[in-house]
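**Student:** First the structure, which I've put down as structure tokens, then a few questions once you've had a look.
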Amino acid sequence: MKKLTTMFSVLALCAGMSAGVQAAPDTIKFSHVVAENTPKGQMALKFRDLVAERIGDKYVVEVYPNSQLFGDGKEMEALLLGDVQFIAPSLSKFSKYTKKLQVYDLPFLFEDMEAVDRFQQSPSGQALLSSVNSKGLIGLGYLHNGLKQLSANDPLRVPADADGKKFRIMSSDVLAAQFEAVEAVPLKKPFSEVFTLLQTRAIDGQENTWSNIYSKKFFEVQPYITESNHGVLDYMVTTSMEFWNDLPDDDRAVLKKALDEAVAHGNAIANDKAMKDRQNILDSGRSEIITLTDAERQQWVEVMKPVWDQFQDEIGPEVIEAAVASNQ
């Protein structure tokens, strides 16, 4: 009887200890390809901190910047395989999954970032977030980086200056057509390789935002930057339907609110950082910033704008019309 009592006591003690042990929080991996001091990098860190503050007993967010886990050619596949839970690819990277998001690559479509924001918050822009659902992905929000500029080894003032030059582009048929329109040679290369390609002069130039040109030090190996503002580089924060739909409803709501606040934080940084990084580049004296005259800029518009017609059927004319309307 004494042995039986002792056994029950041990079992009760073990049960009490088990009840007091809290399960380790689930790990959420957020992978991206840019530096931490960019709008995307700061957004991811903000999301990590908000999750730790609000639901840290259940989830911990690990952020992997600078292609530490996956480069921009592999991160979408990794997301679908469950190797990461959040990514924020540029909108150019989704053409394999939907053609509608190609609208964001059309040259000279948006007059400024305010127009971009109006379109993204409109019914047409919000509908595009779900355009990848059939592929097992969910778009959770848009993140700004900014308008793109052209950098090169030689001055680019008019389209003829780009003739025959090799430019790195993202994996986008629209961007390829954009450079082909000015008789340039577009090369689809990973973002992580751009600095080396520029440094070794394997390519002549590239297009990017002030933030990326500064944070990745492209300005150190490109003597000329043309302030063209010819296109937008934004991101879509994305997760997999499998991960998102398997979350408990209450947890999903907390994570979505934290993400929305982190995106707003990143967008506020983007708007301020663009001009600061432009000034940083100017102050460095490493690159000459070329300001186009109205007549020079119009030449680029006239040569590149026909690209719209090439992709109108794939994107949908109603989507392009809604984007154009955001400029008003």
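The values are calculated or read from the model by the stated rules, or taken from the named source; none is laboratory data. The shown structure was predicted, so the numbers you read here are calculated from the model rather than taken from an experiment. Because the Cβ atoms are built from the backbone with ideal geometry, glycine has one as well, and the counts that use them run over all protein chains shown. Side chains included, ligands, DNA and RNA excluded: accessible areas come from the protein's heavy atoms. Shrake-Rupley method; radii C 1.70, N 1.55, O 1.52, S 1.80 Å.
**Student:** About the Cα centre of the chain, how large is the charge dipole given +1 on each Lys and Arg Cβ and -1 on each Asp and Glu Cβ? Please answer in debye to the nearest 20. Kindly include the intermediate steps, with their values, before the conclusion.
**Tutor:** On the way: 34 positive and 46 negative charges, 265 e Å.
For the chain, the charge dipole is close to 1280 debye.
**Student:** A further question on this structure: Leaving out ligands and nucleic acids, note down the accessible area per residue over the chain with a 1.4 angstrom probe, in whole Å². Before the final figure, lay out each step's value.
**Tutor:** On the way: 14860 Å² over 328 residues.
Accessible area per residue, the chain: 45 Å².
**Student:** Follow-up question, since we're still on this one. How many nm separate the modelled label positions at Asn66 and Asn37, each set 7 Å beyond the Cα in the direction of the Cβ?
**Tutor:** Those two pseudo-labels are separated by 1.2 nm.
**Student:** Over the chain, what is the relative contact order in percent, taking alpha-carbon pairs closer than 8 angstrom and at least six residues apart? Can you show the working numbers first?
**Tutor:** Working: 580 pairs, mean separation 82.7, N = 328.
So the answer I get is 25 percent.
**Student:** Using the Karplus equation 6.51 cos²θ - 1.76 cosθ + 1.60 (θ = phi - 60°), what ³J(HN,Hα) coupling, rounded to whole Hz, does each residue of the stretch 123-140 give in order, writing x for Gly and Pro?
**Tutor:** These are the phi-based 3J(HN,Hα) values: x, 5, x, 5, 5, 5, 4, 9, 5, 9, 4, 5, 9, x, 10, 10, x, 9 Hz.
**Student:** Please report the antiparallel percentage of DSSP beta bridges with both residues in the chain, rounded to the nearest 5. Write out the running numbers ahead of the final one.
**Tutor:** Working: 19 of 37 bridges.
Looking only at bridges with both residues in the chain, the antiparallel portion is about 50 percent.
**Student:** So, one more: Would you mind checking which residues have amide H under 5 Å from Val60's amide H? H placed 1.01 Å from N; only 5 or more apart, or other chain.
**Tutor:** Asp26, Thr27, Ile28
**Student:** Under DSSP H, which helices of the chain have Cα atoms covering 18 Å or more of the helix axis and a Kyte-Doolittle average no less than 0.0? Let's see the in-between values first.
**Tutor:** Details: long enough: 2-20 (27 Å, 0.97); 39-55 (23 Å, -0.28); 249-284 (50 Å, -0.77).
Length and hydropathy pass: 2-20.
**Student:** Can you send over the carbon and sulfur percentage of the accessible area for the stretch 60-108, probe radius 1.4 Å, protein chains only? Walk me through the numbers before you get to the answer.
**Tutor:** Working: 860 of 1740 Å².
The value for the stretch 60-108 is 50 percent carbon and sulfur by accessible area.
**Student:** If I ignore ligands, DNA and RNA and count only protein heavy atoms, how much of Thr196 is accessible to a 1.4 Å probe, in Å² to the nearest 10?
**Tutor:** 80
**Student:** Need one word for the chain: rounded, prolate or oblate. Basis is the Cα gyration tensor (sqrt eigenvalues a ≥ b ≥ c); a/c below 1.5 gives rounded, then a/b vs b/c decides. Write down the numbers at each step before the final one.
**Tutor:** On the way: a/c = 2.66, a/b = 2.09, b/c = 1.27.
It is prolate, given that a/c is not under 1.5 and a/b is the larger ratio.
**Student:** Please report the spacing between the Cα centers of the stretch 97-160 and the stretch 58-75 in Å, no decimals.
**Tutor:** 22
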